[in-house]
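The structure under discussion appears below in the form of structure tokens.
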Amino acid sequence: MNKRSGEDPRMLRLTEFCLSLPESIRQLSGDHASFLVRKKVFAYYLDNHHGDGIVSVTCKVLPGDNKALVASFPSKFYLPAYIGARGWVALRLDVQVVDWDEVAELVLTSYRLVAPKRLIALLKDDDID
């Protein structure tokens, strides 16, 4: 019997990290989740999005970084449907070993690009570097 995404350990770990960021919330939608700050999405958890069989975290990055990450590490990163062209990148969580420090860095970058400056200032120093 397959676990639902809400019970998936990858989803739980991502949720724990995202919800540790100031004023962040999670919205569930089937096998997917959106993580928001002040009604703006900074990360998505995608499980088999449009039947692609991939589990990933999708985040906003600096202009051009999404294409550079995909070109440099195509086995880990890909451009997500619809929002890849708007500066988002997806990091696969369905690989044998997930680098959770890399996930945290990606999520924090996205949070900083979306959140108000006042909330970014509340981040703990150890979360930033």
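General remarks:
- The set of residues in segment 48-79 that are out of contact with any Phe, Trp or Tyr (no Cβ under 7 Å at 6 or more places or on another chain), in a helix (DSSP H, G or I) and modelled with pLDDT of 95 or more comprises ASP65, LYS67, ALA68, ALA71, SER72.
- Looking only at segment 63-79, residues that are touching a helix residue (DSSP H, G or I) at 6+ places or on another chain (Cβ under 7 Å) and open to solvent by less than 50 Å² (accessible area, probe 1.4 Å) come to 3 in all.
- Neighbours by Cβ (under 8 Å, 6+ apart or cross-chain): first from segment 76-92, over 16 Å from PRO63 (Cα atoms); second assigned to a helix (DSSP H, G or I) and open to solvent by 50 Å² or more (accessible area, probe 1.4 Å): ALA81/HIS50
- Residue that is in a loop (DSSP other than H, G, I, E, B) and either open to solvent by less than 10 Å² (accessible area, probe 1.4 Å) or under 25 Å from PRO116 (Cα atoms) (or both), where the choices are TYR45, TYR82: TYR82
- Exactly one residue out of GLU23, GLU7, GLU105, GLU16 is over 15 Å from the mean Cα position of the chain (by Cα) and closer than 27 Å to LYS124 by Cα: that is GLU23.
- Test: residue in segment 58-76 that is out of contact with any His (no Cβ under 8 Å at 6 or more places or on another chain) and under 13 Å from LEU14 (Cβ atoms): yes
- Top-ranked residue in segment 85-114 [being in a loop (DSSP other than H, G, I, E, B) and open to solvent by 10 Å² or more (accessible area, probe 1.4 Å); ranked as nearest to ILE54 (Cα to Cα)]: ASP94
- Looking across LEU21, LEU12, one residue alone is in a helix (DSSP H, G or I) and either free of Cβ contacts under 8 Å to residues at least 24 places away in the same chain or open to solvent by less than 30 Å² (accessible area, probe 1.4 Å) (or both). It is LEU12.
- Residues that are open to solvent by 30 Å² or more (accessible area, probe 1.4 Å) and either basic (Lys, Arg) or not in a helix (DSSP H, G or I) (or both), drawn from segment 115-129: PRO116, LYS117, ARG118, ALA121, LEU122, LYS124, ASP129
- Residue satisfying all of: in segment 27-42; over 16 Å from ALA104 (Cα atoms) and without any contact (Cβ under 8 Å) to a residue 12 or more places away in the chain; least open to solvent (accessible area, probe 1.4 Å) among these: SER29
The values are calculated or read from the model by the stated rules, or taken from the named source; none is laboratory data. Predicted model only: the values in this text are computed from it and were never measured. Positions of Cβ are generated from backbone atoms using ideal geometry, with glycine treated the same way; all protein chains shown enter the neighbour counts. When the accessible area is computed, the model is the full protein with side chains, heavy atoms only, and any ligands, DNA or RNA have been set aside. Shrake-Rupley method; radii C 1.70, N 1.55, O 1.52, S 1.80 Å.
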